1. Can you name every residue in segment 5-64 that is without any contact (Cβ under 8 Å) to a residue 40 or more places away in the chain and β-branched (Val, Ile, Thr)?
2. Collect the residues in segment 34-73 that are open to solvent by 50 Å² or more (accessible area, probe 1.4 Å), part of a loop (DSSP other than H, G, I, E, B) and either out of contact with any strand residue (DSSP E or B) (no Cβ under 8 Å at 6 or more places or on another chain) or polar (S, T, N, Q) (or both), keeping them in residue-number order.
3. If I ask for residues that are closer than 14 Å to Phe78 by Cβ and open to solvent by 20 Å² or more (accessible area, probe 1.4 Å), which ones from segment 95-107 would you list?
4. Report whether or not Gly101 is of a type in the set (Gly, Ala, Ser), modelled with pLDDT under 95, more than 10 Å from the chain's Cα centre (by Cα) and more than 19 Å from Met1 (Cβ to Cβ).
Amino acid sequence: MYSFSSLAEFAILRDSIKRELVQTCEEDALRLFIAINEGVNNAIFHGNKEDNTKKVQIIIERSPEDVQIIIRDEGDGFVNAKKSAGMELWDENGRGLDLIGLYVDSCCWNTKGNEITLVKKINPAYCKPFRTCTSL
């Protein structure tokens, strides 16, 4: 488990997280790290509102069929709402969940909305749904 409060603290942990991902899912490690990075940005900026007294936790769990990454913040949570049709693709904000969806097989949130679970299949022979997650 990794725990930190700011992007500066996360930067210190980045290499350890990358090494763990490479050991766990080799060729998908970079894409999965991009998804984690987006989740961490959301947790720090939107969840904890850059409050350095609040922590973000990352838990990486591996099974024979997939890698599950849990990113949890201490914020109030959010409601996942689809983008409106008028949102510009070039907007700087609002793309994080779409980027996450490009690099994981599924993701879901807890009821409060302050924890996201990312799932990446590592063995196609085990392609089965994960919990009650919604694919992006």
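1. Correct list: Ile12, Val22, Val40, Ile44.
2. Lys49, Glu50, Asp51, Asn52, Thr53, Pro64
3. Selection gives Leu97 alone.
4. Numbers: of a type in the set (Gly, Ala, Ser): yes; modelled with pLDDT under 95: yes; more than 10 Å from the chain's Cα centre (by Cα): no; more than 19 Å from Met1 (Cβ to Cβ): yes.
No, not satisfied.
Residues are listed down the side, and each one gets a yes or a no for (1) among the aliphatic types (A, V, I, L, M); (2) more than 14 Å from the chain's Cα centre (by Cα):
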residue: Glu9; (1), (2): no, yes
residue: Ile12; (1), (2): yes, yes
residue: Gln23; (1), (2): no, yes
residue: Arg31; (1), (2): no, no
residue: Asn48; (1), (2): no, yes
residue: Glu74; (1), (2): no, yes
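The values are calculated or read from the model by the stated rules, or taken from the named source; none is laboratory data. For clarity, every value in this text was computed on a predicted model and none was experimentally measured. Heads up, the Cβs are rebuilt from the backbone with ideal geometry, glycines too, and the neighbour counts pull from every protein chain shown. What goes into the accessible areas is simple: the full protein's heavy atoms, side chains included, and nothing from ligands, DNA or RNA. Shrake-Rupley method; radii C 1.70, N 1.55, O 1.52, S 1.80 Å.
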